[in-house]
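Values in this text are rule-based calculations from the coordinates and carry no lab data. None of these values were measured; they are calculated from a predicted model. Cβ placement follows ideal geometry from the backbone for every residue including glycine, while neighbour counts extend to all protein chains displayed.
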Amino acid sequence: MTAAPDSQRPDAVGRAIVLTLLTIGVFGIQDAVGKILVQTYSPFQVTMMRYWGFTLFALFMVMRQAPLSQALSSKAVGWQVLRGVLLMADIWLFAIALRTVPLGELQAIVIVYPLLVTLFAIPLLGEKVGVFRFVAVAVGFLGALVVVRPGGVPLSWGVGAGLASSALYALYIVITRKVSRIDSAATSLLYTALVGLILSGAVGIFAWEPMAWTDVLLVIVTMATTCAGHGVMVYALSMAPASTLQPFNYFSLPWAIFLSATIFGHFIDPISLVGAGIIVAAGLVVMARERKRKVAVVTAGPVPGRE
């Protein structure tokens, strides 16, 4: 009898799930530390410094797979550069939102991105979405409206930045699926790192402020969590398909709510919690439907500071 591949062995899938939850835990800590930093320093400066760590991680991962010159050879340079721009704008907006929006509520807002992926995949990938999934997406957006209802999260630039961040991240994922058909994962990762490094540096250098040593240590923590989180994520994806692990990313919501309460003393209100639950339920329904129809779910690749 032929042995099953590692990605199909139940024990491997179990370990991959545990590692995925660990990754989400690490990224949640990164977001909490980032929220502390952006209260004092420009989000652009913090993002630039965090990208230094991510770029080192990306170069290490790429050089393990192929020479840099080979990885830079892309059949879709325009799309690759656009991916990098979208991701950079997404991270900037997320950091801006962290300044004013509580961590739990922000995670409830940005977690609508899987539903947006479903919509953006229609024109960009030519995917067909039936009435059932359209209804699930509409219900998910209804949950988002519950979170930002009058009396809930106050409508502000921070909330707008969070919603825009989610939309750009969804576009990034869809375009990543598109380029994955013609470029290697190493190429996509390298372009993500280099475009982000150039953009974050070009903007962040003008927002530079001297940092206290304690805050420098916090920046080092964000760099370390970026590298550790993505390293563990890559390892988890080597043991199980992305479509199997994707639903567990919703663990980021209760984890963010817990961190918001324990670190910042902010508790999400019960009605917003219901809205967040509606978003999660709708997202899980969409994922289940996609898996049933065998729609390919391609990993977006390591992302600095995003799950």
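Table for the structure above
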| quantity | calculated |
| --- | --- |
| Extension gain, residue 263 back to residue 40 (0.36 nm per residue minus Cα-Cα distance, nm) | 78.6 nm |
| Protection proxy ranking, peptides 278-284, 29-35, average beta carbon neighbours within 10 Å, highest first | 29-35, 278-284 |
| Signed unit charges on C-beta, dipole axis of the chain, positive-most listed residue 136, 146, 231 | 136 |
| Sum of -39500 (n - 2.57) over DSSP H runs of 4+, divided by residues of the chain (222 nm, nearest 500) | -25000 deg cm²/dmol |
| The stretch 10-292: Lys pairs at Cα distance under 22 angstrom, eight or more positions apart or on different chains | 4 |
| Full-stretch length increase - residue 238, residue 15 - with 0.36 nm per residue and alpha-carbon distance subtracted | 79.2 nm |
| Virtual spin-label span in nm between residue 125 and residue 181, 7 Å along Cα→Cβ | 1.0 nm |
| Inter-site label distance for residue 135 and residue 85 at 7 Å from Cα along Cβ, in nm | 3.9 nm |
| Packing rank of 53-65, 220-232, 131-143, where each peptide gets the mean count of other beta carbons within 10 Å, highest leading | 220-232, 53-65, 131-143 |
| Principal axis dimensions, the stretch 1-143 - Cα atoms, whole angstrom, descending | 61, 46, 37 |
